Amino acid sequence: MNIVNKVMSNKWIITLYTLPALLLIIVLIVVPLILSGYFGLMNWDGIGAMEFIGLDNYIVALQDTKFWQSAMHSFLLALFSALSLIAYLAVALILASKIKGANLFRKIYLIPMLLSSVAIAQLWIKVYNPSNGMLNSILMTLGVNNPPAWLADPNIVLYAIFVPIIWQYAGFYILIYYAALKNIPDSLIEAAKIDGATPLQIALKIKIPLIMNVFKVTIVLAIVGSLKYFDLIYVMTGGGPNGASEVMASYMYKLAFSSYDFGYGSAIGFLLLIITLIVTVIVRKVTATKEEIEY
Amino acid sequence: MSRIGYSLLYICLGLVAVFQIFPILWLFMFSLKTNQEIFAGSPFALPLEPKWENYLKVFDGGIATYFWNSIWITVVATVLTILIASMATFAITRMKWKLSGLVLGLIMVGLMIPIHSALIPLYNMFLNVNLIDNPLSIVLTYITYNLPITVMILLGFYTTIPREIEEAAIIDGSSIHRLFFRIILPISAPIMSTTVIINMIYNWNEFVFVNTFISSEKYKTLTVGIQNFIGQYMTDWGAIGATLVISVLPIIIAFLFFSNKIMEGITASAVKG
């Protein structure tokens, strides 16, 4: 066995096999994240010389109402996404209760998740088109006289955008819950049935507690995913009208690549990182399992 | 459960299915209609006679370049990601060294971070080495940003490979490269196919990196390219619909053939996170 140990701890081979991954991760993920904090200390247009201005950008950001407005929208999206998980769980519970055709339903639900956010955004721009879109055509057929201009109305644009986001991810979460529910041993459910438990009791008292760990993982995914959400909003509205649908990532993108304010944009990007990390830690703490459930 | 109860459940599931599928069906239908049909007719109506000209118009407009770029960038990035991730996972899980945990932790940093936080420095770095408006910047970022999820999916399988396989190979005089390329990679084929699917979907649909690093039409991929197309067609709904259908069709066709594998991959990418 000595020779095996010797071969399997060859330092050169270990270096050779891990170096490509390690180099890429360090150069293209770790270093840029650190640089983002550093660039945030600069007054810089991305082309000319950098001017060190200390924490000015970060102080400005903390008083920037546009930034806080976009942060509020991101958190609102996170809240919506987290709450919608309950609906997905309900659908998955129905699907997993020996429904014929469950597999087909689950596939249909998943299709939007496979499409690019750009295609989804363009499709929903058409769905929401005030005069010829699918939604308003249906509403007018139903006798609604003045259906709203969904994406142009600052009061509803944010909620109008939440709908395609939910549309995009519903199938993903239903799929995850369904897989977890299918892992519950049948014997447990049968035993409960023999004891006279109703389907609702079985769902609430047995199934949901048993997949709680998966549910907690999805809460983290939904909240963190929402905080960094970008593509669909950027394409659908560009954060408009007048910032009404701006989120943190789209605000940062606009500062950097439309206004060429790389210093301030970096500061916002770094704050986005810090906020995401803090929220991740908090959500993990809050949902931490005290005891592992065995079955 | 009672019959009525079951029917109600089916109605619920059916309504969700209609909500999920109808916008896509509507897209397919208006991609084959004229503007008059779309604007005057019901959104539920089938096209009177399918207007395939809409698709010809889009191909004449040059969508093929974007399509080809999406294909080669997706394939190259996916192959390299999986090779690099497999090598790293092999060294981390199968070989004996003190820092393996630390290296794994470093790779996993990439799982939770918002890419926007790295975007400006990345842009600046690529600008300094002349890789802005060069597809290499896209391939490199795709590989790097998909490494964490790929390693995570591979990890579970690699830890279950029996020690005996390695021992037998090495005692037989096999080199470690031979062990990795001839034995470990082939037996990991099923889990690799899961990572292939996840990587392909991510790369095909990626938007921010291309939108930020690429400015020439000849290097743009479909996600960014269709933005131009749609801007240029403005009010020609049929052409816009055809553009969107062309961009989503490969994924939908892949799903028809590999739906179980795709669902497995998506589940694996999420639950372990």
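Summary of computed values
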{"read-out": "Relative contact order (%) - chain B, alpha-carbon pairs under 8 angstrom, separation at least six", "value": "32"}
{"read-out": "Portion, in percent, of the accessible area of chain A that falls on carbon or sulfur, probe 1.4 Å", "value": "67"}
{"read-out": "Stretch gain in nm, segment A:VAL60-A:SER259, where the contour uses 0.36 nm per residue and the Cα spacing is subtracted", "value": "70.0 nm"}
{"read-out": "Span-like helix ranges in chain A, DSSP H, alpha carbon extent 24 angstrom or more, Kyte mean at least 0.5", "value": "A:65-95, A:157-182, A:262-287"}
{"read-out": "Length-normalised contact order of segment B:1-160 in % [C-alpha pairs under 8 Å, at least 6 apart]", "value": "25"}
{"read-out": "Accessible surface buried once A binds B (1.4 Å probe; total of both sides; Å²)", "value": "8600"}
{"read-out": "Mean shadow area of chain B over all directions, Cα convex hull, nm²", "value": "21.1"}
{"read-out": "Mean accessible surface per residue for segment B:171-228, computed with a 1.4 Å probe while every protein chain stays in place, in Å²", "value": "39"}
{"read-out": "Members of segment A:1-25 that become less accessible by 40 Å² or more once partner protein chains are added (1.4 angstrom probe, chain alone as reference)", "value": "A:MET1, A:VAL4, A:VAL7, A:MET8, A:ILE13, A:ILE14, A:TYR17, A:THR18, A:ALA21, A:LEU22, A:LEU24, A:ILE25"}
{"read-out": "Accessible surface ranking that places the most exposed of A:ILE166, B:ILE176, A:ILE223 first, with a 1.4 angstrom probe", "value": "A:ILE166, A:ILE223, B:ILE176"}
{"read-out": "Segment B:129-243, accessible surface, carbon-and-sulfur percent (1.4 angstrom probe)", "value": "62"}
{"read-out": "Using θ = phi - 60° and Karplus 6.51 cos²θ - 1.76 cosθ + 1.60, couplings along segment B:244-249 (whole Hz; Gly, Pro as x)", "value": "5, 4, 4, 6, 9, 4"}
{"read-out": "Crossing angle, helix B:222-233 versus chain B [Cα axis fit, 0-90 degrees, rounded to tens]", "value": "20"}
{"read-out": "Dipole-positive endmost among A:PHE270, A:ALA71, A:PRO209 within segment A:59-287 (Cβ charges, Cα centre)", "value": "A:PRO209"}
{"read-out": "GNM flexibility winner over chain A from A:GLU246, A:GLU190, A:GLU51 (Cα, springs under 10 Å)", "value": "A:GLU190"}
{"read-out": "Long pairs among A:LYS126/B:LYS57; A:LYS98/A:LYS193; A:LYS207/A:LYS285; B:LYS33/B:LYS220; A:LYS126/B:LYS218; A:LYS228/B:LYS218, criterion Cα-Cα beyond 18 Å", "value": "A:LYS126/B:LYS57; A:LYS207/A:LYS285; B:LYS33/B:LYS220; A:LYS126/B:LYS218; A:LYS228/B:LYS218"}
{"read-out": "Relative contact order, percent, segment A:20-118 [alpha-carbon distance under 8 Å, six or more residues apart]", "value": "11"}
{"read-out": "Area of A:VAL247 that stays accessible when all protein chains are in place (1.4 Å probe, Å², to 10)", "value": "0"}
{"read-out": "Size-normalised alpha-carbon gyration radius of segment A:226-268, reference 2.2 N^0.38 Å", "value": "1.07"}
{"read-out": "Distance between segment A:118-195 and segment B:170-214 - C-alpha centres, whole angstrom", "value": "34"}
{"read-out": "GNM flexibility winner over chain A from A:ALA82, A:ALA267, A:ALA149 (Cα, springs under 10 Å)", "value": "A:ALA149"}
{"read-out": "Of A:SER81, A:SER250, A:SER258, the one that fluctuates the most in a GNM where chain A has Cα springs shorter than 10 Å", "value": "A:SER258"}
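The values are calculated or read from the model by the stated rules, or taken from the named source; none is laboratory data. Since this is a predicted model, take the numbers as computed values, not measurements. Note: ideal-geometry Cβ built from the backbone for every residue, glycine included; neighbour counts use all protein chains shown. What goes into the accessible areas is simple: the full protein's heavy atoms, side chains included, and nothing from ligands, DNA or RNA. Shrake-Rupley method; radii C 1.70, N 1.55, O 1.52, S 1.80 Å.
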